[in-house]
Structure formats: C-alpha cells, structure tokens
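The next block holds one structure in the form of structure tokens; read it before the comments.
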Amino acid sequence: MQHEFKQSIDKALHNANLTGALGKFSEAYKVNRAKAYEGIDFEELRGRIASVKSYAASHLEQLSDLFQQNAEARGAKVFRTSDPAKVREYILKVAQDNGVKTIVKSKSMATEEIHLNPYLEAAGIEVGETDLGEWIIQLAGQTPSHMVMPAIHLTKEEVSDLFSKELDERLSSDIPRLVKVARDQLRPRFLRADMGISGANIAVAETGSIVLVTNEGNARLVTSLPKIHVALVGIEKLVEKFADIAPILKALPRSATAQLLTSYVSIVTGQTPNSDGSKKELHIILMDNHRSEMAADPMFKEAMQCIRCASCLNVCPIFRLVGGHVFGKVYTGGIGTILTAWYDELQSSEYIQGLCIQCGACKDVCPAKIDIPGLILEIRRRLVKDQGVPLLQKSIYSVVNNRRLFHGILRAASIAGKPFATGKFIRHLPLFLADLTDGRSLPAIAAKPFRDVFKTIEQPKGLKETAIFYAGCLIDFAYPEMGVALVKVLNKAGIAVKFPEGQTCCGAPARYNGAYEVAAQNAADNITALLDEPATYVVSACPTCTVALNHEFITTFESLGQSERLPRARELAAKTIDFSTLVKRLVDEGRLTLKEGQQLGKITYHDSCHLKRTLHAERQPRELLQSMGYELTEMFECDTCCGMGGSYSLKLPEISAPILQRKLKNIKETGAPLVAMDCPGCVMQIRGGMDQDGATVRVQHTVELIAAQLAE
C-alpha cells in the first residue's frame, strides 16, 4: 500500500475530532434508522427499488430517449454526452451566452465528479455553494467527506473558525448562531444569481421530470429564483414511470439520515415562469461518463441501482474511523470505491478498495440490494488480473497451495514461536512484526495440531450417521481443543466424525485479496478431500470457512468460468452446515440433550460477520446458550465487526486495533464475565485483546461451552 496513503490513514486515526464526530453519528444512526423503518417491510421495499432501478439500467438508451422527448416537449433543452469535458464546456457556453456572472449551486455529487466549480471559476464566473455543508466545505477549500453530509468531519468549532474568517468577525460556536450567519450570507446570493445549477435524485422518463430531495430548501431557491436553471443528471438516476419514485422517496430519507421524510421534495417538470413573466431557461444534461459501460457489465450492473443514500458509509466500521477523505475520492466509502473504479478508472480504486474489511454491514442496510462487498471483491480480482499478484503474496500462496509444505511450516512455527510465547499467547513480536501484537496478543501455535489430536480420539462404535469435519487453519493449528469439543458434541448426538487429512486452507485469504486462481485451487483440493467419503454433513465451526464451502467455492468457479467444477462444488455446498445450526437442529429433534435448569450466570454474545450476514444463523447459538442456563445480556453493537477480517488485521493493524478496542469496551460494559462467539478468528482477536487489556472476561467459542454442558 502506497506510503502516502498509509500516512493519510494514520493522520485520520489520530484526528480525535474526526473519529469522535463519525463515531457518535454512526451510533445514533443505527438506532434512529431502526426507528424510522418500524412497521415497514424493508426487504419488500428494497426489492421494489432494486426492480425499478435494475429495469432502468437495462433500458438506459430507451429511457434517455423518452426522457429527452418528454422534457423537451415541456420546454427544456436536453443535452446528452458521455464526456465530462463536454458537460463543463456546455455549461460554460450557456453561462457565457447569457452573460452570467454569478452562479448558485445546490448539492450535486455529479458536479463534484466532473470538477465543475474550478472550471467555471477559472473562466471568471463566481460560483457559490448553497447547501450548508457544501458551503462550509467550499470555505475550507476541501472536498466532501460524505455523499449526504459533506462536512460531517468538521466540528462546530472548526466551522466557527471558517465563518469568522469569511466575515472577518470572531464568532462563537453556538450552532443556531452559525446557522443564522449562513442564512444571512447565502440569501442575498440567491437573489443576485444569474444561473442556478442543481443535480437530481431521480429523473422520470415518463414525464421528463427531475426530483430533488433536500432538507434546507436551498435547492428550491436555486431552481426557482435565477432565470436559468441547469440540472446535471447522471443517467443512473433515470426511472421509467412517475410511480417509480414512490419507493425511492420512502427509503431515501430513512436510509440517508434516519428521517421519515425530508423537509422538501421538489419535482421540476418543464419550464416555469420567472418573476418578470418570462419563461425560465431550463437545461438538463444527461451525463454518462462510463455509466452505460457499468450497466452493460453483468457483475457491476447492480451498482446502477444505488440511490446515493450513503447508508453504506453510515454503518461502515472503517469509514467511521478514517472518513471519506481517506476512504474514497469524489464518491466515498464502499459504494464510492465501486463508482471510483468505473467513473475514474480501475487503478484509481487500488488503495481505497483495500480498506474494505468485508464485514457485510453495508449489504444488510442497502435499500437498493447492492452486494457492495461482493463488487469490491470483483474489483480486487480485476486488479490482480491486470497487475498480477504481489511477489510476497505470491510466495505465501505458493506455500498455502502446497498442503504438505504449508502444514510443515505451521508445525515448525509452533517450535519457532516458543521464545515469544507466554503460555497460550504471543504477547510481543520483535522489530517490524511488533504492530501485529499492538493491542492484542496472538495465539501460540499448538504443539500438536488437531489433525494429530484427532487420531487419538476414541469415538463410540456403531454410530450410524457420519459428519465430515472441516477444521480450517485456526482450529487445526491454534485451537485444536475446539475440534475436540465438536467431536464430543456430535458423538453424543450419535454422529461419527471423520477428518480427511487432505483438507487445507479454505482459500478465503486468497479470494479476499483478489487471487481467485489460488482460491480456486484451494477449493478444488478441499472438494476432493471432503467428498472422498460418504457423509450426511460437512460441518465447520468457523463461519468464514463455512461460507467458503457453501457459497464461495461456487462463485469463485463461476467468476473464472470453471464450469466443469461446479457440480462437485454444489454437491459439497448441499452438505455443508455451520456448527450451531446443526446442534440446534439436533436438540430440536431430540437427538442431543443439554443440561437444563442451571444458573450459569451472565453471558454476552458477539456476532461474527459471516455467521450473521451470510449464514443468517445469529439466533441458534443464542437459543442454545440460554437453554443451557446462561443469562444472555446483549452488548451494544453486538453485530459490529471485531476488526479481525482474516488477513485484514495483519495488513492494516492500525485500523483493526481501534475497532477491537471498541468491541472490548462494549463487551466489558455488559458486566458479563464471559463472551461467546462462533468464529475462531473472532476468538483470536477478542481473546488476544482481552489478554493485553488485562481484563478478566473469558472468551469462548460456543462449541466449547456446549461440550461442557452435555447431559449424561
């Protein structure tokens, strides 16, 4: 990762105002968004939006033609182009032909995208932003850090300093006073402006209308007071029918700012009268700038469904630490990474895509059903395809794909790590490795991996059902006791466990770094090993591995066009199940009995990202723990990422560490002496954090807790 980019990360992480403002907003947003959507079927609503927007993305040329026809029939002039330079030239020509000296603008990310303001200013035209956040950013000489709230990264004290400099008068940081100053400064600009420039939230082909959604009313003034109105509209804003705006208007305020409705919804259809009785000159620019190329891509067409609510930013654990000036360019956060790769170029997303931790929180809240993490993975795949795998990673993958060498190195590591280990932890590493133990201890490599321990386990004879156990790297080489516990539980339910020694890394590290060919070889090796013997189940106690086995092997082969491997991958997926889901089923069927009537004390539960957001199995472990006699106390943000993210915590420990600290704080504030989870990676992260923190909270995998409470 580029040195300058790493420096920008470090600067953001040490900006207490930034992290404080974003953190507080993110916390409040989640609560308020949930309230805003009460009584609404979110899945049904976002299904409608996805359908409306997907149709539009498949019919861009047709809808653009229809929009132009209907808008021009109502007196508008419609200009269509793919070139941002031609957009700038067109707007400047309109301004010069009409003697425009001053322009007022309402919030428009499309104008930010083409860098319109400096272009017009270089031609001698005064350009004033009128959205409060955009005006603040303009005064600061910055770019927006958020697509909906451009100045969210600035404190009221910083805003006060900017206003004081603008007015040459020392102002307090009293918010009502600052708002009044802004109003007093901006109102005269509307009245003397020769031209107004806006964007649009929606463009309706059926009527030739544009729809603007605002809270401050400035867009209404921008579009009504000046005699010339220019609207710059990306073609992704097109919908077919006027009725199509209803689901978008229902979701947009709720998802953007957790409001039931914005203060203003303005619908502009054709020319309107000016105050002197003349007709307003209305120019609507439909801009492509690679959008049609995106719509034609079978993977990225989905991104055209975005309604620019920025909810993906609001729930992102990375964004709330580093903000949009680090995580993005013009467009920020997860969706901004995708838009940057298309509106700019693929290489422009090279560094920012690496910030995504793949927790999936954005996918859960997206009102347009965009698989943002999946599309970022595809960006990584294409970057690797274009640029190749970095030498260090290539060396690592060559080891991982050589199963015997990989396992031999891990065995050797258990010996080599002893000088740094204290009990079960490695608390300090030397020199350039020191960051890896900053804020958390690492688990010592087990002296005897699970694959060796398994051979010593005596299972009951005559068990009629069989499960194949896929351990994954952490259980195999760091936490073999979890594997022992799993065998004990399944044996108690009458299931014999087999452990194929040919199993190896699930390929998630390679896949999440864009090395799909490496991941495909991992998948092929594991499919051969896991389907070699007949079994009812293939069970894993690691959600990341479970997702690989029942989802990602298939999608990896599909991405690479390896269709010949798909039947066996689907056969494996049909058998794969996560541990807690299987145990809950066995308990419900009466095949497994847990001790009851106990009072085991308080416990809290951390949702691992893959278990909740891909496997949707957050309920099962909680019910099992409560049935055993634990008093479940939910922690704040129980489903927020712990910062592990597989290899993410090794590549970006400076970001992983504060995410972990927030998680540790939330756990400790429950007062529970025990925290459970279903992911060995989360155990590694949280247990290591608790160790360095000196806290007495025990960190356990659910499998170990269940194994300890089996009825006799």
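General observations
- Of the GluC sites (Glu not before Pro) found in segment 1-72, those in coil by DSSP whose Cβ has at most 11 other Cβ atoms within 10 Å are 38.
- Checked against a 32 Å cut-off, the cross-linked pairs 363/595; 464/595; 53/651; 498/665; 156/280 give Cα-Cα distances beyond that limit for 363/595; 53/651; 498/665; 156/280.
- Of every Cα-Cα pair in segment 245-319, the percent that sits beyond 22 Å: 53
- Mean separation of Cα pairs under 8 Å and 6 or more residues apart, divided by the residue count, gives the chain a relative contact order of 12 percent.
- Residue order by solvent-accessible surface for 639, 532, 41 is 532, 41, 639, largest first, with ligands and nucleic acids left out and a 1.4 Å probe.
- Segment 106-187, relative contact order in percent, only Cα pairs under 8 angstrom and at least six apart counted: 19
- Between the amide H of residue 283 and those of 77, 229, 230, 231, distances stay under 5 Å, these residues lying 5 or more places away or on another chain, with hydrogens modeled in the peptide plane.
- Cut-off under 5 Å, modelled amide H: who pairs with residue 602 long-range: 631
- Relative frequency of Cα-Cα separations exceeding 19 Å in segment 39-187, percent: 67
- Backbone N under 16 Å from the residue 598 label point (7 Å along Cα→Cβ), restricted to segment 604-625: 604, 622-625
- Sequence of 207, 111 when ordered by accessible area, the most exposed leading, probe 1.4 angstrom: 207, 111
- Alpha-carbon centroid distance for the pair segment 1-78 / segment 572-605, whole angstrom: 39
- Shown here for segment 151-207: trypsin sites (Lys or Arg not before Pro) in loop regions (DSSP other than H, G, I, E, B) with at most 13 other Cβ atoms within 10 Å, namely 170.
- In the list [x] 32; [y] 46; [z] 41, the label attached to percent of Cα pairs over 43 Å apart as derived from the coordinates here is [x].
- Between segment 148-168 and segment 450-489, the C-alpha centres lie 59 angstrom from each other.
- DSSP-assigned coil residues among GluC sites (Glu not before Pro) in segment 297-358, each with at most 12 further Cβ atoms within 10 Å: 345
- Burial order of peptide ranges 323-333, 612-622 (average beta-carbon count within 10 Å, highest first): 323-333, 612-622
- Shown are 135, 342, whose ranking by accessible area with a 1.4 Å probe and every protein chain present, most to least, is 342, 135.
- Segment 676-712 and segment 298-322 have Cα centres separated by 32 Å.
- The heavy atoms of residue 90 offer some 50 square angstrom of accessible surface to a 1.4 angstrom probe.
- Once all protein chains are placed together, residue 558 keeps about 100 Å² accessible to a 1.4 angstrom probe.
- Rolling a 1.4 Å probe across all protein chains gives residue 527 an accessible area of roughly 10 Å².
- Projecting the Cα atoms of 85, 444, 171 onto the dipole axis of the chain, where Lys and Arg carry +1 and Asp and Glu carry -1 at the beta carbon, places 444 farthest toward the positive end.
- Per residue, in Å², the accessible surface of the chain once ligands and nucleic acids are set aside, probe 1.4 Å: 40
- Burial ranking of peptide ranges 116-127, 243-254, 357-368, 677-688 (average Cβ count within 10 Å, highest at the top): 677-688, 357-368, 243-254, 116-127
- Apportionment of accessible area to carbon and sulfur, segment 59-114, percent (1.4 Å): 44
- Overall, segment 648-712 carries a charge dipole of about 260 debye about its Cα centre when +1 sits on the Cβ of Lys and Arg and -1 on the Cβ of Asp and Glu, all other atoms neutral.
- Working from Cα pairs under 8 Å separated by at least six residues, relative contact order for segment 599-655 is 45 percent.
- Computed over Cα pairs, the Kirkwood radius of segment 197-276 leads via Stokes-Einstein (0.692 mPa s, 37 °C) to a diffusion coefficient of 248 µm² per second.
- Within the chain, helix-based [θ] at 222 nm, where runs of 4 or more DSSP H residues each add -39,500 (n - 2.57), nearest 500: -14000 deg cm²/dmol
The values are calculated or read from the model by the stated rules, or taken from the named source; none is laboratory data. Quantities reported herein were computed from a predicted structural model and do not represent experimental measurements. Neighbour counts are summed over all protein chains in view; Cβ atoms, including those assigned to glycine, are modelled from backbone coordinates with ideal geometry. These area figures cover heavy atoms from the full protein model, side chains too; ligands, DNA and RNA do not enter into them. Shrake-Rupley method; radii C 1.70, N 1.55, O 1.52, S 1.80 Å.
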